[in-house]
1. Taking Cα atoms, how many degrees apart are the long axis of helix 3-17 and the longest axis of the chain, rounded to 10 and kept between 0 and 90?
2. Run through the DSSP bridge list for the chain and note the antiparallel percent, rounded to the nearest 5.
3. Work through the residues other than Trp75 whose Cβ is under 13 Å from its Cβ and net out their charges, Lys, Arg +1 and Asp, Glu -1.
4. Given the -39500 (n - 2.57) contribution per DSSP H run of 4+ residues, what per-residue ellipticity at 222 nm results for the chain, rounded to the nearest 500 deg cm²/dmol?
5. Collect residues whose amide H, placed 1.01 Å from N in the peptide plane, falls under 5 Å from the amide H of Val66; neighbours closer than 5 in sequence don't count.
6. Top mean-square fluctuation among Ser24, Ser52, Ser33, Gaussian network model of the chain, C-alpha springs under 10 Å?
7. Below 8 Å between Cα atoms, with a sequence gap of 6+, how large is the relative contact order for the chain in percent?
8. Once the Cα atoms of helix 25-38 and of the chain are each reduced to a long axis, what angle between those two axes, in degrees from 0 to 90 to the nearest 10, is obtained?
Amino acid sequence: MKPSEAVANIEYARKWLGSESDFSDEALDMSISALEKQEPQRPKIKGLLFYSYHMYGSCPCCKGQVEEGWRFCPWCGQALNWGDDDD
Ligand SMILES: [Zn+2]
């Protein structure tokens, strides 16, 4: 199951559980944001690093600096896609 499909399932469960008194909306929100970070996002490319000739850019989630080849943002855990389509 892809993270986006898991999010859709959680949203579906939320509709049915929403009226229960011990239901935690916050727990579902946390689950969804954790899952969304597993779906690789393209960094915003800013240029080349002069010392390695790798691209660098900013994380689409937290705007922290990330470098080409990094599969995850070290600042927030967002999965990154540099366009090399190796998955
Ligand atoms: Zn980040």
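Any read-out appearing in this document is the output of simple, stated calculations on the displayed coordinates, not a laboratory observation. These figures come from a predicted structure and were not determined experimentally. Please note: Cβ atoms are built from the backbone with ideal geometry, for glycine as well, and neighbour counts cover all protein chains shown.
1. Result, in degrees: 20.
2. Numbers: 8 of 9 bridges.
So the antiparallel bridges in the chain amount to around 90 percent.
3. Working: positive: Lys37, Lys63; negative: Glu67.
Residues close to Trp75 contribute a combined charge of +1.
4. Helix contribution divided over all residues of the chain: -11000 deg cm²/dmol.
5. Gly57, Ser58, Cys59
6. Ser52
7. Values: 106 pairs, mean separation 19.6, N = 87.
Averaging sequence separation for qualifying contacts and normalising by length gives 23 percent for the chain.
8. Result, in degrees: 30.
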